[in-house]
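Working notes, beginning with the structure itself.
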Amino acid sequence: SNSFFIIIVMLVQVNEPQFTSLLKSKELVVIDFFATWCGPCKMMSPKLEKLSVDFPNVKFAKVDIDDEENLASRYSINLMPTFVFFKDGKEIYRVEGTKEDHLRSQISLLQ
(Lines give C-alpha, C1' and ligand atoms only; values in the text may rest on other atoms or scores of the structure.)
Protein backbone atom coordinates (compact mmCIF):
# COMPACT_ATOMS: atom_id res chain seq x y z
CA SER A 1 0.00 0.00 0.00
CA ASN A 2 1.12 3.53 -0.68
CA SER A 3 1.99 5.76 2.23
CA PHE A 4 1.36 9.45 1.93
CA PHE A 5 3.25 11.85 4.12
CA ILE A 6 1.96 15.37 4.37
CA ILE A 7 4.44 17.84 5.70
CA ILE A 8 2.86 20.82 7.36
CA VAL A 9 5.25 23.74 7.35
CA MET A 10 4.28 26.94 9.05
CA LEU A 11 6.62 29.76 8.23
CA VAL A 12 7.08 31.89 11.30
CA GLN A 13 5.74 35.44 11.16
CA VAL A 14 8.05 37.84 12.97
CA ASN A 15 7.73 41.24 14.60
CA GLU A 16 10.53 43.82 14.69
CA PRO A 17 12.46 42.48 17.74
CA GLN A 18 12.26 38.90 16.39
CA PHE A 19 13.35 40.13 12.97
CA THR A 20 16.35 41.90 14.50
CA SER A 21 17.50 38.78 16.32
CA LEU A 22 16.93 36.62 13.23
CA LEU A 23 19.32 38.84 11.26
CA LYS A 24 22.12 37.92 13.70
CA SER A 25 22.01 34.42 12.24
CA LYS A 26 25.07 33.20 10.32
CA GLU A 27 22.89 31.44 7.73
CA LEU A 28 21.15 33.04 4.80
CA VAL A 29 17.88 34.62 5.97
CA VAL A 30 15.01 35.12 3.50
CA ILE A 31 12.20 37.42 4.63
CA ASP A 32 8.85 37.40 2.84
CA PHE A 33 7.35 40.89 3.13
CA PHE A 34 3.66 40.28 2.54
CA ALA A 35 0.16 41.62 3.18
CA THR A 36 -2.89 39.57 4.19
CA TRP A 37 -4.97 41.25 1.46
CA CYS A 38 -2.42 40.49 -1.29
CA GLY A 39 -3.50 37.75 -3.73
CA PRO A 40 -0.02 37.03 -5.17
CA CYS A 41 1.30 36.68 -1.58
CA LYS A 42 -1.28 33.97 -0.87
CA MET A 43 -0.25 32.24 -4.09
CA MET A 44 3.45 32.29 -3.13
CA SER A 45 2.93 31.10 0.44
CA PRO A 46 2.90 27.32 -0.24
CA LYS A 47 5.79 27.72 -2.68
CA LEU A 48 7.83 29.44 0.02
CA GLU A 49 6.97 26.64 2.45
CA LYS A 50 8.28 24.15 -0.13
CA LEU A 51 11.50 26.17 -0.47
CA SER A 52 11.95 26.07 3.30
CA VAL A 53 11.79 22.25 3.14
CA ASP A 54 14.18 22.10 0.15
CA PHE A 55 16.70 24.45 1.78
CA PRO A 56 16.87 23.45 5.47
CA ASN A 57 20.02 25.55 6.06
CA VAL A 58 18.23 28.76 5.10
CA LYS A 59 16.09 30.64 7.61
CA PHE A 60 12.74 31.77 6.24
CA ALA A 61 10.31 34.14 7.94
CA LYS A 62 7.39 36.41 7.05
CA VAL A 63 6.79 40.07 7.87
CA ASP A 64 3.28 41.52 7.61
CA ILE A 65 3.83 45.00 6.18
CA ASP A 66 0.67 46.34 7.83
CA ASP A 67 1.74 45.13 11.28
CA GLU A 68 5.37 46.15 10.83
CA GLU A 69 5.28 49.48 9.00
CA ASN A 70 8.73 50.44 10.34
CA LEU A 71 10.36 47.44 8.71
CA ALA A 72 8.38 47.90 5.50
CA SER A 73 9.57 51.48 5.17
CA ARG A 74 13.15 50.76 6.31
CA TYR A 75 13.49 48.26 3.47
CA SER A 76 11.44 50.33 0.99
CA ILE A 77 8.90 47.60 0.32
CA ASN A 78 6.51 48.84 -2.36
CA LEU A 79 5.57 45.64 -4.13
CA MET A 80 4.18 42.46 -2.58
CA PRO A 81 5.46 39.97 -2.08
CA THR A 82 9.08 41.09 -1.78
CA PHE A 83 11.64 38.54 -0.65
CA VAL A 84 14.68 40.14 0.95
CA PHE A 85 17.85 38.08 1.45
CA PHE A 86 20.14 38.86 4.38
CA LYS A 87 23.57 37.61 5.33
CA ASP A 88 25.49 38.82 8.39
CA GLY A 89 22.69 41.31 9.04
CA LYS A 90 22.96 43.00 5.64
CA GLU A 91 20.64 42.86 2.66
CA ILE A 92 22.42 41.03 -0.15
CA TYR A 93 19.60 40.51 -2.65
CA ARG A 94 15.87 40.85 -3.22
CA VAL A 95 13.24 39.30 -5.45
CA GLU A 96 10.01 41.20 -6.08
CA GLY A 97 6.78 39.50 -7.08
CA THR A 98 5.92 35.86 -7.76
CA LYS A 99 9.13 34.74 -9.47
CA GLU A 100 9.44 31.31 -7.89
CA ASP A 101 12.19 29.98 -10.21
CA HIS A 102 14.29 33.10 -9.74
CA LEU A 103 13.79 32.90 -5.97
CA ARG A 104 14.86 29.25 -5.93
CA SER A 105 17.96 29.80 -8.07
CA GLN A 106 19.13 32.75 -5.96
CA ILE A 107 18.60 30.87 -2.69
CA SER A 108 20.59 27.98 -4.13
CA LEU A 109 23.35 30.38 -5.19
CA LEU A 110 23.55 32.44 -2.00
CA GLN A 111 22.88 29.86 0.73
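The values are calculated or read from the model by the stated rules, or taken from the named source; none is laboratory data. Please read all numbers here as calculations on a predicted model, not as lab measurements. Cβ sites come from the backbone with ideal geometry, for glycine too, and all protein chains shown count toward neighbours. For the accessible areas, the whole protein counts, side chains as well, though only heavy atoms, and no ligand, DNA or RNA atoms are used. Shrake-Rupley method; radii C 1.70, N 1.55, O 1.52, S 1.80 Å.
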Within the chain, longest stretch clear of exposed trypsin sites (Lys or Arg not before Pro) (DSSP loop, no more than 15 other Cβ within 10 Å): 27-98
GNM flexibility winner over the chain from PHE19, PHE33, PHE83 (Cα, springs under 10 Å): PHE19
Built amide H within the under 5 Å cut-off of ILE92, gap 5+: PHE85, PHE86, LYS87
DSSP bridge orientation in the chain - percent antiparallel, rounded to nearest 5: 60 percent
Rough spin-label spacing in nm, given labels placed 7 Å along Cα→Cβ, for VAL12 and ASN70: 1.9 nm
Heavy-atom accessible area per residue - the range 27-92, 1.4 Å, Å²: 46 Å²
The range 14-24 - phi-based ³J(HN,Hα) in whole Hz, Karplus 6.51/-1.76/1.60, Gly and Pro as x: 10, 9, 4, x, 5, 4, 4, 6, 4, 5, 6
Calculated P(r) tail over 20 Å for the range 27-111, as whole % of Cα pairs: 25 percent
Estimated vicinal HN-Hα couplings, Hz - the range 86-91 in sequence order (Karplus 6.51, -1.76, 1.60; Gly, Pro = x): 10, 9, 6, x, 10, 5
Most mobile of GLY97, GLY89, GLY39 in a GNM of the chain (Cα contacts under 10 Å): GLY39
Segment SER21-CYS38, extension gain: residue separation times 0.36 nm, minus the distance between their alpha carbons: 3.5 nm
Length-normalised contact order of the chain in % [C-alpha pairs under 8 Å, at least 6 apart]: 34 percent
Calculated from backbone phi, Karplus (6.51, -1.76, 1.60) coupling profile of the range 28-41 in Hz, x at Gly/Pro: 5, 10, 10, 9, 8, 7, 9, 9, 5, 8, 8, x, x, 5
Calculated [θ] (222 nm, deg cm²/dmol) that DSSP helices of n ≥ 4 give over the chain, each run adding -39,500 (n - 2.57): -10500 deg cm²/dmol
